Amino acid sequence: QVQLVESGGGLVQAGGSLRLSCAGSGRTFSMYAMGWFRQAPGKQREFVASISRSGGGSIYYAEFVKGRFTISRDDAKNTVYLQMNSLKPEDTAVYYCAADLRPAGWATFDLDYWGQGTQVTVSS
């Protein structure tokens with residue numbers, strides 16, 4: 001069982017930066033591929049980025065965040081991060097952390113564990 005708690009969301013001006021954190025519980029955190037998704041009002045949830053389990057070495061990004069967002073993990077702290085730079089108003093959404101035992105190149109939202117989400121609002 002893994003519990004995920006996101007933090008770091010907030011209000012930022014366009015062009016600014018935020019770093020989201022997702023803290024996981026349990027001693028098996030390093031076994032899980034981790035990822036970030038987002039859902040804007042009135043829109044479907046969409047994939048943002050994912051990173052393979054400890055030692056896996058694979059990272060995936062949605063096209064709309066490439067070059068602006070960076071995902072990383074610190075297994076000693078049971079935490080995955082999403083550094084978001086050059087934020088745009090269209091990045092406004094609730095951002096969710098997810099964990100799954102399958103490799104990080106997910107093609108599904110049917111993942112093992114989800115956090116409760118953290119709101120990111122980018123003003124123009």
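The values are calculated or read from the model by the stated rules, or taken from the named source; none is laboratory data. As the structure is a computational prediction, the values presented were derived from the model and not from experiment. Backbone-built Cβ (ideal geometry, glycine too); neighbour counts: all protein chains shown. The area values use the complete protein model at the heavy-atom level, side chains included, leaving out ligands, DNA and RNA. Shrake-Rupley method; radii C 1.70, N 1.55, O 1.52, S 1.80 Å.
If you check 40, 107, 62, 93, which single one turns out to be among the small types (Gly, Ala, Ser), over 18 Å from residue 24 (Cα atoms) and modelled with pLDDT under 95?
107
Go through region 26-61 residue by residue and tally those that are of a type in the set (S, T, N, Q), open to solvent by 40 Å² or more (accessible area, probe 1.4 Å) and either touching a Cys at 6+ places or on another chain (Cβ under 9 Å) or closer than 20 Å to residue 101 by Cα (or both).
Going through region 26-61 one residue at a time, the tally reaches 4.
Considering only residues that are among the hydroxyl-bearing types (Ser, Thr, Tyr) and open to solvent by 40 Å² or more (accessible area, probe 1.4 Å), look in region 1-24 and name the one that is nearest to residue 124 (Cα to Cα).
Among residues in region 1-24 that are among the hydroxyl-bearing types (Ser, Thr, Tyr) and open to solvent by 40 Å² or more (accessible area, probe 1.4 Å), the one nearest to residue 124 (Cα to Cα) is 17.
Can you tell me which of 68, 73 is at pLDDT 95 or above, among the basic types (Lys, Arg), open to solvent by less than 60 Å² (accessible area, probe 1.4 Å) and closer than 21 Å to residue 5 by Cα?
Step by step, each of 68, 73 is checked, and only 73 is at pLDDT 95 or above, among the basic types (Lys, Arg), open to solvent by less than 60 Å² (accessible area, probe 1.4 Å) and closer than 21 Å to residue 5 by Cα.
Scan 92, 118 and give me the residue that is touching a residue at least 60 places away in the same chain (Cβ under 8 Å) and either closer than 26 Å to residue 42 by Cβ or open to solvent by 60 Å² or more (accessible area, probe 1.4 Å) (or both).
So the residue among 92, 118 that is touching a residue at least 60 places away in the same chain (Cβ under 8 Å) and either closer than 26 Å to residue 42 by Cβ or open to solvent by 60 Å² or more (accessible area, probe 1.4 Å) (or both) is 118.
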